[in-house]
1. Angle, helix 75-95 long axis vs. longest principal axis of the chain, Cα atoms, 0 to 90°, nearest 10?
2. Please give the Cα centre distance for the range 90-122 versus the range 4-45, rounded to the nearest Å.
3. Hey, what did the chain get for relative contact order, percent, Cα under 8 Å, at least 6 apart?
4. So, by mean Cβ neighbours within 10 angstrom, what's the order for 225-237, 65-77 with the highest one leading?
5. Per DSSP H run of at least 4 residues, take -39500 (n - 2.57); add these up for the chain, divide by its residues and hand me the 222 nm value, nearest 500 deg cm²/dmol.
6. What residues of the range 1-23 lie in the reach of a label at Arg54, counting those whose backbone N is under 16 Å from a point 7 Å from the Cα along Cα→Cβ?
7. Please rank Cys179, Cys103, fewest neighbouring Cβ atoms within 10 Å first, as an exposure proxy.
8. Stretched out fully, how many nm does the piece from Leu62 to Glu138 gain, at 0.36 nm a residue minus the Cα gap?
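Bear in mind these aren't lab numbers, they're just calculated from the coordinates by the rules spelled out. All of these numbers come straight from a predicted model, not from anything done at the bench. Cβ atoms come from the backbone with ideal geometry, glycine included; neighbour counts cover every protein chain shown.
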Amino acid sequence: MAGETVVDVMGEDRGLDAVIEITSAMYEPGLVERHSTFERSWFAVGAPRPAGRRHVPAAAALLRHAGTVEEVDDIRSAKWMKLVLNAGELVPSAILDLSIADCARINTMRPIMIRAGNEAIRFAREEGLEVRPIFGMEGAAAASPDTFMETILDELVAHYVKPHSRSTFLQDWVKGRPCEVDQINGSVVEGLERHGLGAPVNRALIEFAHDIERGRRQRGLHNLSPLLDRIEELEAAESSVTAV
């Protein structure tokens with residue numbers, strides 16, 4: 001989500017931005033495991049400012065050697081749609097110490113993943129961003145705010161991740177380093193707060209991620225029930241504040 005930072009450093013006429021979907025892993029230095037085939041690797045390329053748009057075709061042409069590329073005018077909306085997915089897939093699966101696919105198959109966890117993404121969708125709508133298909137998806141379900149997260153999560157599990165693919169957050173924890181939960185899920189919480197709205201699911205996910213990184217919890221399936229309880233507590237607290 002650093003497109004504007006790139007512009008600040010490089011200048012409006014040189015700044016480009018991109019969305020990427022390639023599932024991969026790196027557990028040994030310099031040894032990259034690419035889990036997505038060429039056909040299932042997808043990029044969106046755009047410019048945060050009009051002055052940089054002239055560079056988009058050249059960047060897109062280079063990236064087409066690695067996968068499918070879409071040139072977009074509204075790159076911020078496309079990037080936020082990827083953040084919607086990331087908010088729901090990355091830290092939930094890491095907290096349970098599961099692959100993304102295995103996490104999504106847990107009956108009580110899949111709705112939490114979808115609700116985390118839906119909170120991000122709510123912010124997008126408050127900001128006037130376009131809810132749009134990414135990854136080459138088509139159809140009304142992929143463009144509707146009510147069904148976007150569920151649709152893209154199913155698409156990801158069916159076609160983009162392998163059964164053993166771990167999220168980037170879990171890979172960070174395996175390596176003993178902090179993940180980007182504050183930049184991903186934190187963006188949802190902070191963004192909705194600016195609009196006077198709550199994000200109890202993302203807030204609970206952040207709390208559990210911080211506890212794991214600080215050694216107060218261990219990642220694993222034992223976190224499922226406490227996580228569900230904490231989300232319920234935060235939702236009840238938010239409801240009581242709203243009622244007052």
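1. On a 0 to 90 degree scale, this one is about 40.
2. 23
3. Relative contact order comes out at 19 percent.
4. Details: 225-237: 14.8, 65-77: 16.6.
Descending mean neighbour count gives 65-77, 225-237.
5. Dividing the helical sum by the residues of the chain leaves -15500 deg cm²/dmol.
6. From the range 1-23, the list is 11-16.
7. Details: Cys179 21, Cys103 26.
Arranged by neighbour count, lowest to highest, Cys179, Cys103 become Cys179, Cys103.
8. Answer, rounded to one decimal: 24.9 nm.
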